[in-house]
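Trainee: The structure follows.
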Amino acid sequence: MDAGDAAEPARLNAAKDFGNVSLVKEVTREMWTFTSLERLWQDARYAVRSLRRSFGFTLLALAALALGIGSTTAMFTVLYTVIIRPLPFPDPDRLVMLWEKSPRSAGQNVVSILNFRAWKERARSFASMAAYNQGPKNLLGGDEPIQITGANVTADFFRVLRVEPFLGRGFASGEEGPSSPRLAVLSHGFWQRRFGGEASVIGRRVSIGGAHHEIIGVLPPDFAFPDRRVEVFTSLRAEYSGRDFQVVARLRPGVGLDSARAEMISIAAVTAAENPAMNAGYSATVTPLHEQTVGRIRPLLQVLFATVLLVLLIACANVANLLLMRALGRDREMSVRLALGAGRWHLAHQLTVESLILAGAGGLLGTVTATWGLRALLATLPADFPLPRVHEIAADSTVLWFAIILCVTIGLLFGMVPVFFSGRGDLSESLRSGGRSVAPRQRRFHQIMVVTEVAVALVLVIGAGLMIRSLLRLHQVELGFHPERVITVRMVLLPGKPTSQTQVVDDILRRLRTLPQVVSASSISIPPMAGVNSATWYYRADLPEPARANRPSGDISIVMPDYFRTMGIAMLMGRDFGDQDRFGGTHVGVLNRTAAQALFGSENPLGKRLTVSWNDAGQVEIVGVVADIRHRNPQSKPEPCLFLPNTQLPFPLASLVIRTSTDPRLLIAAIKGEIHGVDADQGVAGIETMEERIAAAGAQPRVQAWLVAAFSLSALALACIGIYGVISYTVSQRTREIGVRVALGADRLRIFGQILSESLTVASAGIVIGLGASVALTRYMETLLFDIKPIDPAVYTSVAILMLIVTAAASYFPSRRAATVDPVVALRDE
């Protein structure tokens, strides 16, 4: 206009120079506004509408994702809490356990208090060190005396762990030994249950183990060391040389585990030279407290976590197949949108958002399922199931982040599958065919997914089959005694003279035998199926004394007369203990078959003597031999065992064993009445039938077998769904081809056989791969199996046949539908 042009020509010339104003506005808007968020919101709304329209697909995908993500999140919660998360103590990586090392075993051995004193005085690798042991204690007061689990600890116990009491204080230096005051610290749970959570409990005196103790402190709610069963901690007063203690220590800053081990080995060598009678051949070892706590359960949790990861893999393969089939069904829609100018990146963005929404919804359902399932699982576990840190298991921020990352990864990874296949062909061909054809590459992908699902499911089912067969073998094992209608009553006897403790047990048994429903009654120091037993060394007195480091050792059980008849243990030769075997007489003993063969071979052991290191046993004359039993648990092999009479060598632990003619649980009140009739202050630690004890001892193999079986069945179901879905979709895509073949005279039975044969061929490839993978992977389960090998031909063969049958069943209906296609309808549809 300044150059003299009129307004309208000037505007038109300017528009030509600057270009399309609307396009400039759009470009400017994309540069200066949050269009990516708007596009994301638009794609999310479209994805929700699309998923809502395909309700069947959405429901199936969500179910698969919820199952896979839920089981994985639940097991990760357990694995993280028990194994990965540090122990709940300050600087937990500095805490270690110190053990003696027996010359007869490579494992850990409990510690002599004398050696503990030497370690504490001489070791420079540790900032502090404490010893403790635990066991039942009588608590008087209340309606009736009870027995609780207590721990005797040295004064530095809580300082080693750096635990501050919730109320009061812990033990001070010098508050241990025979002349120290009798003090007690309560666990938080016991304080609330027994004393109602009253703060005035500090300073109160209670009778523990027959002596009054002053309560000086209450521990925090989350304290659970050595385990949550310990309800009272008392200062250690005993000064005896027996090996009965465990030692916890804290490494000094800058001291490594290897240097601490080297120092302990050096100190153990010195103590062995100073006191060869007790320490000849013994060494020492150092184990991190975290490893000590979780080491035994680690293989089981790792196997279970690997199992759920494989379930998740099958679930993801299913969802990937479903997403691809859905994308192929929408191929015409995608082709139209591409033809109208939509960018491939925009289509990929939309499909990815849809997959992320699906994975997020499945993850939310899975997290809720994991929370509920975990609570149900923990509630159904037996009370004494050997799972450490079980009270700490709960979902936290780490578990939540794990679930979020898992969902996003699944959404991105498997959401890209349909993106990879969609819109890669010729648009005109796709528009003409309407998306009814399946490219060879897409068909191969479906087959690969099916092969993967079958192979993974086969590995899991074989693992479950191995564990179930192991469990069945465990149930068939011969225990060596008859547990039917036998009840056990665990007690720790009140302090007194040994002869008076023997008299208390004798009087209780005499009264119990008068009950009309009691067939026989006796007692043993540590009952069968307790998981442990006492042990010491003993050797033939008629042979030269073996070197101290090579003395043979075995179990020791202290029993009352009639124990073998009450338990149904066969007497192979000789006699049982009787009234003649009394305090002050010639010490006698009974061997089990394993001990008799180890010590005497083919010789007759009756009348021969053993030198026994047990209290004042000295030399023991063998008067009988009994059959072997599995004492610790059903999985343990019979150990050499020497039975000694409680009437000659009294022991403060006594477990009554009572055989009845009726349901033994009906006699619990009568049994307690007879016990309190002899000693009104005698508490009872636990009353269980022997069958309940056997069930508790086999709890771990039973739980692990059923957990793996449950996950394996889930995997098998998902694999069946995947096979069914893929074959159904393949048949639907081949409807025109099948219709043409039928119209040209093809035999329907042959079409049915061909479709079924194709699916079985794919499944057979998965079975072959799965068998090879099982051979490689199941060897990691060897420690979890009983009396069977990881490569068990019966399990492998039966599972392979089962997979073929399941595959045939999943393929039957789609194959039958293919054979019944009406050619007129198929061709008209095309």
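Trainee: Would you check if there is a residue in the stretch 801-812 being more than 23 Å from Leu324 (Cα to Cα), aliphatic (A, V, I, L, M), crowded, with 21+ Cβ neighbours inside 10 Å and out of contact with any Asp or Glu (no Cβ under 9 Å at 6 or more places or on another chain)?
Mentor: Checking the stretch 801-812: at least one residue is more than 23 Å from Leu324 (Cα to Cα), aliphatic (A, V, I, L, M), crowded, with 21+ Cβ neighbours inside 10 Å and out of contact with any Asp or Glu (no Cβ under 9 Å at 6 or more places or on another chain).
Trainee: Let me ask something else. Restricting to the stretch 616-643, what's the tally of residues that are over 24 Å from Phe481 (Cα atoms) and in contact with a strand residue (DSSP E or B) (Cβ under 9 Å, 6 or more places away or on another chain)? Don't jump to the end; show me each part of the working.
Mentor: Just the residues of the stretch 616-643 that are over 24 Å from Phe481 (Cα atoms), to begin with: 616-621.
Keeping just the survivors that are in contact with a strand residue (DSSP E or B) (Cβ under 9 Å, 6 or more places away or on another chain) gives 617-621.
Summing the residues that are over 24 Å from Phe481 (Cα atoms) and in contact with a strand residue (DSSP E or B) (Cβ under 9 Å, 6 or more places away or on another chain) in the stretch 616-643 gives 5.
Trainee: Of the numbered conditions (1) assigned to a loop (DSSP other than H, G, I, E, B); (2) open to solvent by 20 Å² or more (accessible area, probe 1.4 Å); (3) closer than 27 Å to Asn633 by Cα, Val519 fails exactly one; give the number of that condition.
Mentor: (1)
Trainee: Within the stretch 788-798, identify whether any single residue is open to solvent by 30 Å² or more (accessible area, probe 1.4 Å), hydrophobic (A, V, I, L, M, F, W, C) and not in a helix (DSSP H, G or I), and answer yes or no. Explain how you work it out, then say what you get.
Mentor: If we filter the stretch 788-798 for residues that are open to solvent by 30 Å² or more (accessible area, probe 1.4 Å), which is where we start, we get 789, 791, 793-794, 797-798.
Within this subset, residues satisfying the condition of being hydrophobic (A, V, I, L, M, F, W, C) are 791, 794.
This time we only want the ones that are not in a helix (DSSP H, G or I), so: 791.
Yes, the conditions are met somewhere in the stretch 788-798.
Trainee: So in the stretch 220-241, with the set limited to residues that are surrounded by fewer than 15 Cβ atoms within 10 Å (Cβ to Cβ) and of a type in the set (Gly, Ala, Ser), which one is farthest from Arg204 (Cα to Cα)?
Mentor: Filtering the stretch 220-241 for residues that are surrounded by fewer than 15 Cβ atoms within 10 Å (Cβ to Cβ) and of a type in the set (Gly, Ala, Ser), the one farthest from Arg204 (Cα to Cα) comes out as Ser241.
Trainee: While we're on this one: Would you check if Val821 is of a type in the set (A, V, I, L, M), open to solvent by less than 30 Å² (accessible area, probe 1.4 Å), touching a helix residue (DSSP H, G or I) at 6+ places or on another chain (Cβ under 8 Å) and in a helix (DSSP H, G or I)?
Mentor: Working: of a type in the set (A, V, I, L, M): yes; open to solvent by less than 30 Å² (accessible area, probe 1.4 Å): yes; touching a helix residue (DSSP H, G or I) at 6+ places or on another chain (Cβ under 8 Å): yes; in a helix (DSSP H, G or I): no.
Judged against the criteria, Val821 is not a match.
Trainee: Taking Glu484, is it of a type in the set (Asp, Glu) and in contact with a helix residue (DSSP H, G or I) (Cβ under 9 Å, 6 or more places away or on another chain)? Steps first, answer last, please.
Mentor: Working: of a type in the set (Asp, Glu): yes; in contact with a helix residue (DSSP H, G or I) (Cβ under 9 Å, 6 or more places away or on another chain): yes.
In short, yes.
Trainee: I've got another one for you. Taking only pairs six or more apart or across chains, which ones have beta-carbon atoms under 6 Å, a first residue in the stretch 643-662 that is within 22 Å of Gly135 (Cα to Cα), and a second residue that is open to solvent by 10 Å² or more (accessible area, probe 1.4 Å) and of a type in the set (D, E, K, R)?
Mentor: Within 6 Å, the pairs are Ser655/Arg490.
Trainee: List pairs: first in the stretch 302-326 and farther than 22 Å from Ala47 by Cβ, second of a type in the set (Val, Ile, Thr), Cβ under 6 Å, 6+ apart or cross-chain?
Mentor: Listed pairs, sorted by first residue: Thr307/Val708; Val308/Thr72; Leu310/Val456; Leu312/Thr72; Leu313/Val456; Ile314/Val456.
Trainee: For the stretch 175-195, enumerate the residues that are open to solvent by 60 Å² or more (accessible area, probe 1.4 Å) and over 25 Å from Leu494 (Cα atoms). Give the derivation first.
Mentor: Taking the stretch 175-195 and keeping what is open to solvent by 60 Å² or more (accessible area, probe 1.4 Å), we get 178-179, 181-182, 192-194.
Within the stretch 175-195, just Gln192 meets the criteria.
Trainee: Continuing with this model, one more query. Conditions: (1) in contact (Cβ under 8 Å) with a residue 24 or more places away in the chain; (2) under 18 Å from Thr660 (Cβ atoms). Thr514 meets all but one. Number of the miss?
Mentor: (1)
Trainee: Looking for whichever is on the phi > 0 side of the Ramachandran plot and open to solvent by 20 Å² or more (accessible area, probe 1.4 Å) here; the options are Gly745, Gly673. Which one fits? Write out each step before concluding.
Mentor: On the way: Gly673 fails: on the phi > 0 side of the Ramachandran plot.
Gly745 is the lone residue from the list that is on the phi > 0 side of the Ramachandran plot and open to solvent by 20 Å² or more (accessible area, probe 1.4 Å).
Trainee: Conditions first: (1) more than 30 Å from Arg473 (Cβ to Cβ); (2) surrounded by 22 or more Cβ atoms within 10 Å (Cβ to Cβ); (3) of a type in the set (Val, Ile, Thr). Thr611 passes all but one, so which condition is the exception?
Mentor: Just one mismatch for Thr611, condition (2).
Trainee: Check Glu453, Glu429 and return the single one that is modelled with pLDDT under 65, assigned to a helix (DSSP H, G or I) and among the charged types (D, E, K, R).
Mentor: Values: Glu453 fails: modelled with pLDDT under 65.
So the residue among Glu453, Glu429 that is modelled with pLDDT under 65, assigned to a helix (DSSP H, G or I) and among the charged types (D, E, K, R) is Glu429.
Trainee: Looking only at the stretch 613-659, which residues are of a type in the set (Val, Ile, Thr), under 20 Å from Gln501 (Cβ atoms) and assigned to a strand (DSSP E or B)? Can you show your working first?
Mentor: Within the stretch 613-659, the subset of a type in the set (Val, Ile, Thr) is 620, 622-623, 625-626, 629, 647, 657-658.
Subsequent filtering for residues that are under 20 Å from Gln501 (Cβ atoms) retains 647, 657-658.
Within the stretch 613-659, Val657, Ile658 meet the criteria.
Trainee: Only one of (1) open to solvent by 40 Å² or more (accessible area, probe 1.4 Å); (2) touching a helix residue (DSSP H, G or I) at 6+ places or on another chain (Cβ under 6 Å); (3) without any contact (Cβ under 8 Å) to a residue 12 or more places away in the chain is not met by Ala262, so which one is it?
Mentor: (2) is the only condition that Ala262 fails.
Trainee: When you look at Met325, is it open to solvent by less than 10 Å² (accessible area, probe 1.4 Å), modelled with pLDDT under 85 and part of a helix (DSSP H, G or I), yes or no?
Mentor: Working: open to solvent by less than 10 Å² (accessible area, probe 1.4 Å): no; modelled with pLDDT under 85: yes; part of a helix (DSSP H, G or I): yes.
Here the answer is no, as Met325 does not meet what is asked.
Trainee: So which of Gly217, Gly203, Gly210 is closer than 24 Å to Pro88 by Cβ and either surrounded by fewer than 17 Cβ atoms within 10 Å (Cβ to Cβ) or in contact with a Pro (Cβ under 6 Å, 6 or more places away or on another chain) (or both)?
Mentor: Gly217
Listed here are the residues, each with its yes/no results for (1) of a type outside the set (D, E, K, R); (2) closer than 17 Å to Ile404 by Cβ; (3) over 35 Å from the mean Cα position of the chain (by Cα); (4) open to solvent by 20 Å² or more (accessible area, probe 1.4 Å).
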site	(1), (2), (3), (4)
Arg39	no, no, yes, yes
Ser50	yes, no, yes, no
Ser54	yes, no, yes, yes
Leu59	yes, no, no, yes
Ala63	yes, no, no, yes
Gly68	yes, yes, no, no
Val82	yes, no, no, no
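Trainee: Applying the selection to the stretch 391-409, what residues are open to solvent by 60 Å² or more (accessible area, probe 1.4 Å) and either in a helix (DSSP H, G or I) or without any contact (Cβ under 8 Å) to a residue 12 or more places away in the chain (or both)?
Mentor: Residues of the stretch 391-409 open to solvent by 60 Å² or more (accessible area, probe 1.4 Å): 391, 395, 397, 400-401, 404-405, 408-409.
Result: His391, Ser397, Leu400, Trp401, Ile404, Ile405, Val408, Thr409.
The values are calculated or read from the model by the stated rules, or taken from the named source; none is laboratory data. All figures in this text were calculated on a predicted structure; none of them were measured in a lab. Every residue, glycine among them, receives a Cβ derived from its backbone with ideal geometry; neighbour counts consider all protein chains shown. For accessibility, only protein heavy atoms count, side chains too; no ligands or nucleic acids. Shrake-Rupley method; radii C 1.70, N 1.55, O 1.52, S 1.80 Å.
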